[in-house]
Amino acid sequence: MQQMTLAARDQQVIWHPYTQMQTAPQPIAITRGEGALLFDDQQNAYIDATSSWWVNIHGHAHPHIAEMLSKQAFQLQHIIFSGYTHAPAVELAERLLPLLPANQKRVFYSDNGSTAVEVALKMSLQYWDNKGQRRHKFIAFKNAYHGDTFGAMSVSGRSVFTRVFDDLLFEVHFIDLPAADNFDTLKATIEALDLSTIAAFIFEPLVQGAGGMLMYEAAPLDQLLAWLQSHQILLIADEVMTGFGRTGKNFAMENCSTQPDMICLSKGLTGGSMALGVTTCTSTIYDAFLSNDKLKTLFHGHSFTANPLACSVALASLDLFTDPACATNRQRIHEAHTRFLTQLQQSPKIKAPRLQGTILAFDIITTNADGYTNNIADQLHRFFRERRVMLRPLGNTLYVLPPYCITDAQLQEVYDCISDLLQSI
Ligand SMILES: *Cc1c(COP(=O)(O)O)cnc(C)c1O
């Protein structure tokens, strides 16, 4: 009997995320990665132009990450994180906090971006409860995406992703993105709410990822944040996607003078090699949970909280991230993106070309409505698959978000492939 391919075996037992299993093409079986390249079981090389769902920053199978992981695996793989601690978790917190806005003083570990958001939401609700105030409402931006668990879904824009669950999600006030000319309108919208019921405002600084790589300016965001903070509304910066250099600076919040009360991190935290989430907070938040009263405890935790293997690869990733070569690479990508953007602007097939740090995005003009369900996405998937470039459009929004180690030649290949696509449609 002929041996089944990995993809065929997969199709008998696996259910993939965000995949219509009846119509999706067979998955590509990847057997190894190196730098920005991934190799399938036929030894074809693919360029990873979207960092494997925005997580990879230093490239695949990085030897430094592999070595630190291996060393840690021979030392300690996992322990309970309540009543016990370990060096990778402590060292990671010690090294991470100084990279963040100066008011961030505590690290709470979880497993992924959605849980990092859940923790921040629960921290803010209980912060107010511990202070004797009932504040059960949140403010978020329209088109926001903060994850797939129920709390994270609730603070995300209502969309095809949430449709089935909409009536189970808690109520959130959604506001427009800040722009140079809408501060007074935003202020009026927020002032019309009962501010004493608002626990926190959660936002993706500068770039709304899953919402379609929507970009907005730091100055009006900063103005809005300062105003909200002066009205005692807690600020949760969801830097799950923007963190670790993605928007140019180390963290997107470095573009603002207002410091958030909480920050959510995941994706690039481990260099994209393992699942780990972090919620950081100020001493003001942390102190509100200190009490002789056990009911003021933050009752949240996961079996794999602060997994030592994940923390040790996060430390390895930080070694690479804090090396000046990393910032140089991000700058190099930004400059290449800038040149390609000028070229894109000439194309009559696209609109809204935009750029923030290492992220380049634009929308393909189609006769259908914009958005995730735009059926041009399948056509684009097929095109890029055949060209062996991993690009995964969000509806009619196409974006390039590469690992920082991508070479100039690989980046050029991605641009050429996009230019060919635009010629062909
Ligand atoms: C991806 C993402 C999340 C969710 O992270 P997961 O690890 O996929 O749960 C949350 N917030 C933002 C901004 C994201 O981009």
Measuring from centroid to centroid over Cα atoms, what is the spacing of the stretch 163-202 and the stretch 269-288 in Å?
25 Å
Relative contact order for the chain: what is it in percent, counting Cα pairs under 8 Å that are at least 6 residues apart?
22 percent
So how do C256, C264 line up by other beta-carbon neighbours within 10 Å, fewest first?
C256, C264
Listed residues K137, K71, K267, most fluctuating in the chain (Gaussian network, C-alpha, under 10 Å):
K71
Only Cα pairs within less than 10 Å get springs; with that Gaussian network setup on the chain, which residue of H136, H302, H337 has the largest fluctuation?
H302
Taking other Cβ within 10 Å of each residue's Cβ, how do F141, F150, F244 sort, fewest first?
F150, F141, F244
Average silhouette area of the chain, convex hull of alpha-carbon atoms, in square nanometres:
22.6 nm²
Could you tell me how far the Cα centroid of the stretch 362-425 sits from the Cα centroid of the stretch 19-49, in Å?
16 Å
Violations at 30 Å Cα threshold for listed pairs K105/K294; K267/K349; K122/K351 -> K267/K349; K122/K351
With springs only between Cα atoms under 10 Å apart, run a GNM on the chain and tell me which of S51, S124, S82 wobbles the most.
S82
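Just so you know, all these numbers are worked out from the coordinates, no wet-lab data involved. Since the structure is predicted, the reported quantities are computational estimates derived from the model, not experimental observations. In this analysis, Cβ positions are derived from the backbone assuming ideal geometry, glycine residues included, and neighbour counts consider all displayed protein chains.
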